[in-house]
1. Out of the residues in the stretch 65-98 meeting the condition of being open to solvent by 10 Å² or more (accessible area, probe 1.4 Å) and within 16 Å of ligand 1 (Cβ to nearest atom), tell me which one is farthest from residue 43 (Cα to Cα).
2. Condition first: in contact (Cβ under 8 Å) with a residue 40 or more places away in the chain and either within 20 Å of residue 28 (Cα to Cα) or among the basic types (Lys, Arg) (or both). Can you find one or more residues in the stretch 157-168 that meet it?
3. For residue 24, work out the one condition from (1) of a type in the set (Ser, Thr, Tyr); (2) in contact (Cβ under 8 Å) with a residue 40 or more places away in the chain; (3) open to solvent by 30 Å² or more (accessible area, probe 1.4 Å) it doesn't fulfil.
4. From the residues in the stretch 175-187 that are out of contact with any Phe, Trp or Tyr (no Cβ under 9 Å at 6 or more places or on another chain) and in contact (Cβ under 8 Å) with a residue 24 or more places away in the chain, which one is farthest from residue 2 (Cα to Cα)?
5. For the stretch 134-149, state whether one or more residues are away from ligand 1 (no atom under 15 Å from the Cβ), of a type in the set (S, T, N, Q) and open to solvent by less than 40 Å² (accessible area, probe 1.4 Å).
6. Exactly one of these conditions fails for residue 155: (1) closer than 30 Å to residue 47 by Cβ; (2) touching an Asp or Glu at 6+ places or on another chain (Cβ under 7 Å). Give me its number.
7. Please find, among 126, 156, the residue that is within 16 Å of ligand 2 (Cβ to nearest atom), surrounded by 17 or more Cβ atoms within 10 Å (Cβ to Cβ) and either closer than 18 Å to residue 199 by Cβ or among the small types (Gly, Ala, Ser) (or both).
8. Please verify whether the stretch 35-52 includes one or more residues that are out of contact with any helix residue (DSSP H, G or I) (no Cβ under 7 Å at 6 or more places or on another chain), within 22 Å of residue 195 (Cα to Cα) and open to solvent by less than 40 Å² (accessible area, probe 1.4 Å).
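The values are calculated or read from the model by the stated rules, or taken from the named source; none is laboratory data. The structure presented is a predicted model; accordingly, all values stated were derived computationally and were not measured. So basically every Cβ, Gly included, is an ideal-geometry build from the backbone, and we count neighbours across all protein chains shown. Quick note on the areas: whole protein, heavy atoms, side chains included, nothing else; ligands and nucleic acids left out. Shrake-Rupley method; radii C 1.70, N 1.55, O 1.52, S 1.80 Å.
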Amino acid sequence: MLKGFYFITDSKLSKHGNVSDVLSACEAGSVLIQYREKSLSTRDMMNEAIKLRSICSRACFIVNDRVDIALACDADGVHLGQDDMDIKTARKILPKNKMIGITVHNIGEAEYAHSAGADYLAVSPVYNTITKNNAGRPCGLALINDIRKMTHLPIVAIGGITLENASGVRRAGADMLCAISSVLGSEDVKSEILKFQSFFN
Ligand code: TZP
Ligand code: MG
């Protein structure tokens, strides 16, 4: 069941490196680890993906953007945005048991991803964020609410999530919370994630 903290790597914000961060995220019981890497070569990304994959035994391991790397490292799935490979093509390429998460910014994109067989939806950005370039206009809690009414698919809320707004985001219907800068900005990644995990008790 996809419920709990959703961890995304960010080597630019990381204080201790991706391997250490993913170990901490797994120790804190994150339900899903997304490997998001925007600047490494394919070779280096592949090597890191293999390392991170081996750390994640209980948590789902998902590769952002790259269907090829997800397949090659035997990840549990891939996460795709609206400018990445379309979900129907990704489904054709991936084995049936692999997950596909889709980023959505409005109800139309959510309905399409739902009908095309997404395994979970990432509603983004919920609030303003500077962690992702061109994240788009914040959609707020209303979109989470609307998508919750439309589908039983797991929803992860991404963008500007903090300990202060997390309970409202949960109440709006999010099953998972992602908070990149809140967590990676802290010295102790594990204990920061554990604070977010308290919203799932
Ligand atoms: N996708 C949509 S917003 C975002 C991503 C990867 C960045 C979220 O970062 P933060 O620090 O949790 O606002
Ligand atoms: Mg993408």
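1. If we take residues in the stretch 65-98 being open to solvent by 10 Å² or more (accessible area, probe 1.4 Å) and within 16 Å of ligand 1 (Cβ to nearest atom), then 82 is farthest from residue 43 (Cα to Cα).
2. Among the residues of the stretch 157-168, at least one is in contact (Cβ under 8 Å) with a residue 40 or more places away in the chain and either within 20 Å of residue 28 (Cα to Cα) or among the basic types (Lys, Arg) (or both), which makes the answer yes.
3. Of (1) of a type in the set (Ser, Thr, Tyr); (2) in contact (Cβ under 8 Å) with a residue 40 or more places away in the chain; (3) open to solvent by 30 Å² or more (accessible area, probe 1.4 Å), only one is false for residue 24: (3).
4. 187
5. Scanning the stretch 134-149, I find no residue that is away from ligand 1 (no atom under 15 Å from the Cβ), of a type in the set (S, T, N, Q) and open to solvent by less than 40 Å² (accessible area, probe 1.4 Å), so the answer is no.
6. (1)
7. 156
8. The answer is no, given that none of the residues of the stretch 35-52 is out of contact with any helix residue (DSSP H, G or I) (no Cβ under 7 Å at 6 or more places or on another chain), within 22 Å of residue 195 (Cα to Cα) and open to solvent by less than 40 Å² (accessible area, probe 1.4 Å).
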